[in-house]
Amino acid sequence: GLTAVNALSFQVEQGEIFGLIGPNGSGKTTVFNLITGFYPISSGNILFKGKALNGLPTWKICKMGVCRTFQVVKPLRRMTVLENVVTSAFNHTGSLDEARDKALEVLEFCELIKKKDYPAKGLTIGDRKRLEIARALATGPTLLLLDETMAGLTPQEQAEGVELIRKIRDAGVTIIIVEHIMQVIMRICDRILCINYGQEIAKGLPAEVANNHNVIEAYLGKE
């Protein structure tokens with residue numbers, strides 16, 4: 001009986017890093033699942049470059065240029081780092097050589113090239129998160145949805161993650177990011193939307209959202 005996302009409306013501009021925040025259970029990952037076709041919407045519309053995504057299968061949405069990462073990373077553990085990324089590169093080619101070239105290019109971009117022959121199951125959490133991003137980039141997205149890519153990382157790894165996200169945006173990919181680490185979200189986002197119980201409670205520049213009474217109350221309570 002719970003409405004996980006309720007009459008929520010927002011627009012993301014091309015080239016923007018758009019933050020989606022809210023307490024645990026507020027509906028953030030559900031929004032990602034709706035955009036990428038993992039869950040069907042019960043009403044309303046989701047538009048990407050003017051085209052409706054409603055009812056499309058996840059693979060077709062990915063081919064249109066919308067890709068996402070997951071909170072819990074699940075690489076293909078028995079494959080190498082390179083093989084993991086090659087599988088994603090097949091989103092836009094049927095050629096193994098082309099997929100491999102694309103994967104090598106992405107691994108260089110994500111600074112994982114030196115570990116291309118490592119088995120994925122042996123990576124640190126920081127490198128597994130980076131591999132998750134690399135796999136998404138290999139599909140060729142123009143809109144990338146990042147779901148808590150900083151969770152579990154050290155402060156140094158978080159700083160490196162911020163630089164990678166900025167580099168992705170500078171390469172022409174628009175980003176929507178869900179993140180609980182406020183130091184990260186406030187540093188990196190152009191605009192932020194805060195939701196609670198599936199509804200908008202604040203939207204605007206990072207400083208405006210951080211100082212919004214309803215946002216503070218949603219995170220910390222009335223006292």
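Note on Met64/Thr154: beta-carbon distance plugged into 1/(1 + (r/R0)^6) with R0 of 41 Å gives a FRET efficiency of 0.70. Residues whose amide H comes within less than 5 Å of that of Ala202, counting only those at least five positions distant or on another chain, are Cys194 (H built at 1.01 Å from N in the peptide plane). Taking label points 7 Å from Cα along the Cα-to-Cβ direction, Asn54 and Glu163 give a separation of 4.5 nm. Here the dipole of the chain is about 580 debye; that uses its Cα centre as origin and unit charges on the Cβ of Lys and Arg (positive) and Asp and Glu (negative). Please compute the net charge surrounding Ala103, taking Lys and Arg as +1 and Asp and Glu as -1 over other residues with Cβ under 15 Å from its Cβ. That works out to -2. In this structure, the amide hydrogen of Ile177, modeled 1.01 Å from its nitrogen in the peptide plane, lies closer than 5 angstrom to those of Phe18, Gly19, Leu20, Leu146, counting only residues at least 5 positions away or on a different chain.
A 1.4 Å probe run over the protein chains yields, for the stretch 113-179, 39 Å² of accessible area per residue, whole-number rounding.
Trypsin sites (Lys or Arg not before Pro), restricted to the stretch 125-223: which are DSSP loop and have at most 12 other Cβ atoms within 10 Å? Write down the numbers at each step before the final one.
Values: sites: Arg128, Lys129, Arg130, Arg135, Arg166, Lys167, Arg169, Arg187, Arg191, Lys203, Lys222; in loops: Lys222.
For trypsin sites (Lys or Arg not before Pro) across the stretch 125-223 that sit outside H, G, I, E and B with at most 12 neighbouring Cβ atoms in 10 Å, the list reads Lys222.
Convex hull volume of the C-alpha atoms in the chain, normalised per residue: 131 Å³. The fraction of accessible area contributed by carbon and sulfur in the stretch 75-223 is 51 percent, rounded to a whole number (1.4 Å probe; ligands and nucleic acids excluded).
The values are calculated or read from the model by the stated rules, or taken from the named source; none is laboratory data. It should be emphasised that the depicted structure is a prediction, and the values quoted were computed from it without experimental measurement. Neighbour counts run over all protein chains shown; Cβ positions are idealised from the backbone, glycine included. Calculation scope for accessible area: heavy atoms of the full protein, side chains included, ligands and nucleic acids excluded. Shrake-Rupley method; radii C 1.70, N 1.55, O 1.52, S 1.80 Å.
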